[in-house]
Amino acid sequence: QVQLVESGGGLVQAGGSLRLSCAASRSRFSINTMGWYRQAPGKQRELVALILSGSSTNYADTVKGRFAISRDNAKDTVYLQMNSLKPEDTAVYYCYVFVGGSHYWGQGTQVTVSS
């Protein structure tokens, strides 16, 4: 059972930056896809960014040019650098991993952007 531990959420003013981290442990296989989703109050969970093992990336249109996803394969860790944050980025951010044919989610970390 893969475990995901997230860190880096918090409260920031609009225009500020935050960096999220997510470390995966207990994986028996090489991790293919890592990424981040988010869920704002009253809304469905949505994709923020994904990164494959070959480092190709995919971003939601709403964060392109502001967020950057990266990974450290040696540490099974994925990062999300969030710049130029907006109040509409406020949400619980969930780490996501697809490995061994299964999907895994982190516990979520709150990101709050004040105007």
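Values for this structure:
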{"item": "Of all accessible heavy-atom area on the chain, the percent that carbon and sulfur account for (1.4 Å)", "result": "47"}
{"item": "Over the chain, volume per residue of the alpha carbon convex hull, in Å³", "result": "93"}
{"item": "Per residue solvent-accessible surface (Å²) - the chain, probe of 1.4 Å", "result": "53"}
{"item": "Kirkwood Rh and Cα Rg combined as Rg/Rh, the stretch 51-115", "result": "0.98"}
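The values are calculated or read from the model by the stated rules, or taken from the named source; none is laboratory data. Since the model is a prediction, treat every value here as computed from it, not as a measurement. Areas reflect the complete protein model, heavy atoms only, side chains present, ligands, DNA and RNA absent. Shrake-Rupley method; radii C 1.70, N 1.55, O 1.52, S 1.80 Å.
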